[in-house]
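Let me begin by presenting the structure, written as structure tokens, before commenting on it.
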Amino acid sequence: MRFLVLLATVAVCSCAPQNIVYTSGSNVAHAASLTPPVTKLQKPGIKVTVPQPIQYITPVQVATPVQYVAPVEVATPVQVATPIQVATPVQVATPVQYVAPVEVATPVQVATPVQVEVIAPVQVTAYQAPVPVVSPVVVAAAPEPLAAPEPPMPSLSVPFVGGQFHAQDEAKQYTFGHWGGPNTRVEMKDSLGRVSGSFAYINPEGDVHVRKYAAAPGMGFKVAASDLPEDTPAVAQVKATLAQVHAEAKANVADSAVTTV
């Protein structure tokens, strides 16, 4: 089990964000994905023994002994003192306010008028709009969930052995993950906005399952998982009919576009 965790850790570290060289003014066009939105994965085939919970036994309650309470002594009543009469306050005479003498303002001298020199108007040339600069277009391939990094396999080892990591940069790229315990996960994002990742977990029956996912602007979210339920014959027939109708509708749209041209 330690060898599997070490091998998965090396695989995750090799999936660090890649530096994609492009100008900041570039326009990004994401290509269409060719895989279905949901894909069935094979089970890893790993069985983990899940420990059974320990049953809790309710403790027996012991009766609390009766404590002796001493009698309370009654305090002697306090005598209230006679209130003190307050003398009437003496009114103080209002002081006489001092009035400052009025200052006479100095007469204002009229300034000599200034001669203004008239400047000839400046001739304005016609405005020329700047030539627009066309930014280059970067075509980004759609991320596929099957190409997502493999997650480390979970475990129930005691004592616990695990860890986590996280890295990011100025180009909005990041990668993070954790391993050890009943669930693990890894995820990464590049500078073009494409996200891919995966996680693994142990279900209550002790089976290990893996889910991978990928997403990008304009593509949506796609997943590949080993814990998807099997389709019944009726559901499989409905899916096949829906796929056929969808293909015929796309063909009709393409034919009508060619005819219009």
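The values are calculated or read from the model by the stated rules, or taken from the named source; none is laboratory data. What you are looking at is a predicted structure, and each value in this text was computed from that prediction instead of being measured. Cβ coordinates were reconstructed from backbone atoms using ideal geometry, including for glycine residues, and neighbour counts include every protein chain displayed. Note: areas computed on protein heavy atoms with side chains; ligands, DNA, RNA excluded. Shrake-Rupley method; radii C 1.70, N 1.55, O 1.52, S 1.80 Å.
Observations on the model:
- Within the straight-line cut-off of under 18 Å between alpha carbons, the lysines reachable from Lys250 are Lys239, sequence neighbours fewer than 8 places apart in one chain being disregarded.
- Within-9-Å neighbourhood charge of Ser198 [Cβ basis; K, R +1; D, E -1]: +1
- Once both labels are positioned 7 Å from their Cα atoms along Cα-to-Cβ, the gap between Ala129 and Glu248 label points is 4.9 nm.
- Accessible surface of Arg185, taken over heavy atoms with a 1.4 Å probe and every protein chain present, rounds to 80 Å².
- From phi via Karplus (6.51, -1.76, 1.60), per-residue ³J(HN,Hα) for the range 150-155 in Hz, x at Gly/Pro: 6, x, x, 6, x, 7
- In order through the range 168-182: 3J(HN,Hα) via Karplus (6.51 cos²θ - 1.76 cosθ + 1.60), integer Hz, x for Gly, Pro: 7, 9, 6, 7, 6, 8, 8, 8, 8, x, 8, 9, x, x, x
- Length gained when the stretch Ser256-Gln61 is fully extended (0.36 nm per residue, less Cα-Cα span): 61.8 nm
- In sequence order, the range 30-47 has phi-based couplings of 8, 6, 6, 8, 9, 8, x, x, 10, 10, 8, 9, 6, 5, x, x, 9, 10 Hz under the Karplus curve 6.51 cos²θ - 1.76 cosθ + 1.60, θ = phi - 60°, and Gly or Pro positions carry x.
- Per the Debye calculation on the range 102-223 with a single equal scatterer at every Cα and no solvent contribution, log₁₀ I(q)/I(0) for q = 0.11 Å⁻¹ amounts to -0.61.
- Accessible surface of His166, taken over heavy atoms with a 1.4 Å probe and every protein chain present, rounds to 130 Å².
- Label-to-label distance, nm, for residues given as Val139 and Ile54 (7 Å Cα→Cβ offset): 6.4 nm
- Counted charge near Leu146, where neighbours are those whose Cβ lies closer than 13 Å (Asp, Glu -1; Lys, Arg +1): +2
- Length added when fully stretched, Ala31-Val161, from 0.36 nm per residue minus Cα-Cα: 42.7 nm
- Residues whose amide H comes within less than 5 Å of that of Leu228, counting only those at least five positions distant or on another chain, are Leu41 (H built at 1.01 Å from N in the peptide plane).
- Between Thr232 and Gln168, the simple label model (points 7 Å from Cα in the Cβ direction) yields a spacing of 4.6 nm.
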